[in-house]
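**Student:** Have a look at this one.
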Amino acid sequence: MTEMDEHYAAFLHLRQLQVSHRKEEPVISAEAKKALEKRKIKLLEAQERKAYKDMTKNVASEKYQKEDEY
């Protein structure tokens, strides 16, 4: 039989350990999560306003360019 070295002994010890399942704790608190949701909603609304503004600006400038061509 082979001699037991320290690595093999550690391996055997680790095999005998039982898995302990721990409950996952939330990374951020509920208040911080609510604040983050509010910021997310505000950001989305700002992006929608900007996109709408750019869209209407482009339509208006195209309309004036067509009038200038005539």
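**Student:** Given N residues in the stretch 1-61, what is its alpha carbon radius of gyration divided by 2.2 N^0.38 Å?
**Tutor:** 2.75
**Student:** Please report the net charge: other residues with Cβ closer than 14 Å to the Cβ of Lys42, K and R +1, D and E -1.
**Tutor:** Here the count lands on +3.
Rule-based calculations on the coordinates, nothing more; no lab input. All of these numbers come straight from a predicted model, not from anything done at the bench. Note that each Cβ is placed from the backbone with ideal geometry, even for glycine, and that neighbours are counted across all protein chains shown.
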